[in-house]
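Chemist: After the C-alpha cells below, expect a handful of questions from me.
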Amino acid sequence: MKGVIQLQITEKIRVEMAGNPLYYIHVPTKQGDVKTRYVDVELVWNGEPFVIPEGAVVRAAFKKPDGFDVLNDCVVANNVVTIELTDQVRAVPGKALCELMVQHEGKMITSSSFVVTVYPGLLQDGKPKSKDEYKSFINALLALDTVSDIAKQALENALAAQDELDKLTSGAEEAAERSEAAAIRSETAADDSEIAKNKALEHEQGANNAKVGADQSKAASEISALDSQQYAVTAGEQMLLAKYYAEQAQSVVSNMPMRYYRLNEDDMQAIVNPHQGDLCYVTDYTVGTTQLYVYDTVDMDDDGVNPEWVFLGNLDFASLDRPTLLGILQLAPIALSGDYGDLRNLPPWYRAPVTLDGTADTVAWDYSQSDRAIVTLIEDKPINITGLFPGCEGVLQVYGTGSIILPADQQNPLIGMVSPLGGEHATYTFYSRDGVAIDWHMMPSKGATP
C-alpha cells in the first residue's frame, strides 16, 4: 500500500512588521496533538522581505482565549521563523492572538498580530490544564543579549576549574600512596639487614634512598595540596560570579513589559500584578476599535492617581461587511504575491456600470473605472480593455444591431451558436487569469434597450 506518513504539520504564512495591530491571518490547529503542529512565518515590511539580523532572538507571544499567556522561543533558519504550537498554546479551544517579538542588541520590534484557531478534540479527558507558559523566560537566564555570554563563560570557567581541582587532588593522593609504599619498603629493608648482616650496608643504603624518595614525595604532595587549594578558591569565585550574572538576568527578565489583550475595561482592571510600562489592548470587535492603555506606577500623566491604567488612544480597524470581505477575497492572489503595485487601479465592488462610446472604430473600456459596462452598437466592432489585473472578471451589456468582434482564441465555443432575438440584447462576460489573456462568454439577455 502506498501512502504518505507525515507526523508534522507546518502552516506557512506571511506576517507584516508594519501596519495594523491585527493582521487578518488565521492559522488552524487541533487540540490534543503532541509535538506535531508548527508554523513557518516569513516576516515582511510593507510586502518586502524583513531581514532578521544575525544573532537576533525571536519569541512568540500568545494570548489564549481564557486569558492565560504563552511566551516561547522560536527557531530562525534562512530568514524563516518556526513557531511550535505547544500543548499550552492548544490547551483551550477558540481563537488565540499571536505576535512575534524580534530582539537584537538591546532593541525590540513586534509584528502584527494574527489568529491561531484551536479546534476542540473529541477525546480530551487527559488534556493539559491551561496555565501561563514562559519557556522563553527560563531560556533567557543564559540567553539574554546583555548578560548571557558573560554568565555562560563564567560557568564554563568554574566547571573547568573544578575538573582541574579533581585532577590535582587525585595526583596528590597518588603521591601520598607512593610515599607510604616507599616507607614500607624502607622498613622491610631494615628488618632484612638484621637477618643478613653481610648485606647491612647495602640495605642501609637502600633505606636511605627510600627515605629520600619519601621526603620528595611528601614535598610534592604538599605542593599539589597548595595548588589544589588555589584552584579551589578560583572555582569558588567563578561560581559566585556565575550566580551574580544569573541573578542579574533574572532581574532583567522580570522587568520586561508585558502585553495584555482584553475585551473590556473590567477585564483589564482585573489583571493581577501588572508592572510599569505594561500595555493592554481592549478590543471591541463589534465596532472595530481597539483602545490602548499603559500601566503607570510613577504618575506619568501628573493626574495624582497612582498606580493606574492610562489611556493612550484608539486603534481603529475596518469592520468587515459582506462587500468588503468579498473584495479582500478577490485581492488575495495579489496580497499573497506581495505585488501591491496595481491595487490603486482596482475598481470598487458593486459599482454602477459605465457607458462606453459605440461610435468610434474600437470600443474602449477603462476597467479601473468599473467592472461593468454598457455600449450601444449599430455595427460589429472590436474592443480594447485596459487596467486589467490577474483574476479579474467583468460584464459588458451590448445593445443595438451590432456585436463585439472577438479574437478566435478568446471565444468560448458557445459564442456564435446563440444570438439575441427580438426584445433581447447580448451579455458578454469575461475572466482574465493573468491580466492579459481574456476568456469571453456571451448569452442573450432580456431587454432591447438600456
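The values are calculated or read from the model by the stated rules, or taken from the named source; none is laboratory data. None of the values given here were measured: they were computed from a predicted structure. Using ideal geometry, Cβ is built from the backbone for each residue, glycine included, and neighbour counts are taken over all protein chains shown.
Chemist: Run down K64, K95 and say which single residue is surrounded by 19 or more Cβ atoms within 10 Å (Cβ to Cβ) and out of contact with any Cys (no Cβ under 8 Å at 6 or more places or on another chain).
Modeler: K64
Chemist: Right, another one. Kindly establish whether T429 is part of a strand (DSSP E or B) and either surrounded by 16 or more Cβ atoms within 10 Å (Cβ to Cβ) or touching a residue at least 12 places away in the same chain (Cβ under 8 Å) (or both).
Modeler: Criteria met by T429.
Chemist: Among the residues of region 288-302, is any at pLDDT 85 or above and outside any strand (DSSP E or B)?
Modeler: no
Chemist: Inspect region 71-82 for any residue being without any contact (Cβ under 8 Å) to a residue 12 or more places away in the chain, surrounded by fewer than 17 Cβ atoms within 10 Å (Cβ to Cβ), among the hydrophobic types (A, V, I, L, M, F, W, C) and out of contact with any Asp or Glu (no Cβ under 9 Å at 6 or more places or on another chain) and give the result as yes or no.
Modeler: Yes, there is a match, as at least one residue in region 71-82 is without any contact (Cβ under 8 Å) to a residue 12 or more places away in the chain, surrounded by fewer than 17 Cβ atoms within 10 Å (Cβ to Cβ), among the hydrophobic types (A, V, I, L, M, F, W, C) and out of contact with any Asp or Glu (no Cβ under 9 Å at 6 or more places or on another chain).
Chemist: Within region 377-395, which residues are under 11 Å from V363 (Cβ atoms), surrounded by 13 or more Cβ atoms within 10 Å (Cβ to Cβ) and free of Cβ contacts under 8 Å to residues at least 40 places away in the same chain?
Modeler: L377, K381, I383
Chemist: For the structure I just gave you, tell me whether V39 is among the hydrophobic types (A, V, I, L, M, F, W, C), modelled with pLDDT of 80 or more, assigned to a loop (DSSP other than H, G, I, E, B) and outside the structural domain of D284 (by TED's automatic domain parsing).
Modeler: Details: among the hydrophobic types (A, V, I, L, M, F, W, C): yes; modelled with pLDDT of 80 or more: yes; assigned to a loop (DSSP other than H, G, I, E, B): no; outside the structural domain of D284 (by TED's automatic domain parsing): yes.
In short, no.
Chemist: Follow-up. Regarding V116, is this residue touching a Ser or Thr at 6+ places or on another chain (Cβ under 7 Å) and under 23 Å from Y261 (Cβ atoms)?
Modeler: Working: touching a Ser or Thr at 6+ places or on another chain (Cβ under 7 Å): yes; under 23 Å from Y261 (Cβ atoms): yes.
Yes; evaluated as a whole, the condition is true for this residue.
Chemist: Take the residues in region 24-61 that are surrounded by 18 or more Cβ atoms within 10 Å (Cβ to Cβ) and of a type in the set (G, A, S); name whichever of them is farthest from the chain's Cα centre (by Cα).
Modeler: A61
Chemist: Give me the strands (runs of 3 or more DSSP E) completely within region 348-426, filtered to those with at least 1 residues that are assigned by TED's automatic domain parsing to the domain that holds I438 and acidic (D, E), ordered by residue number.
Modeler: 363-366, 392-400
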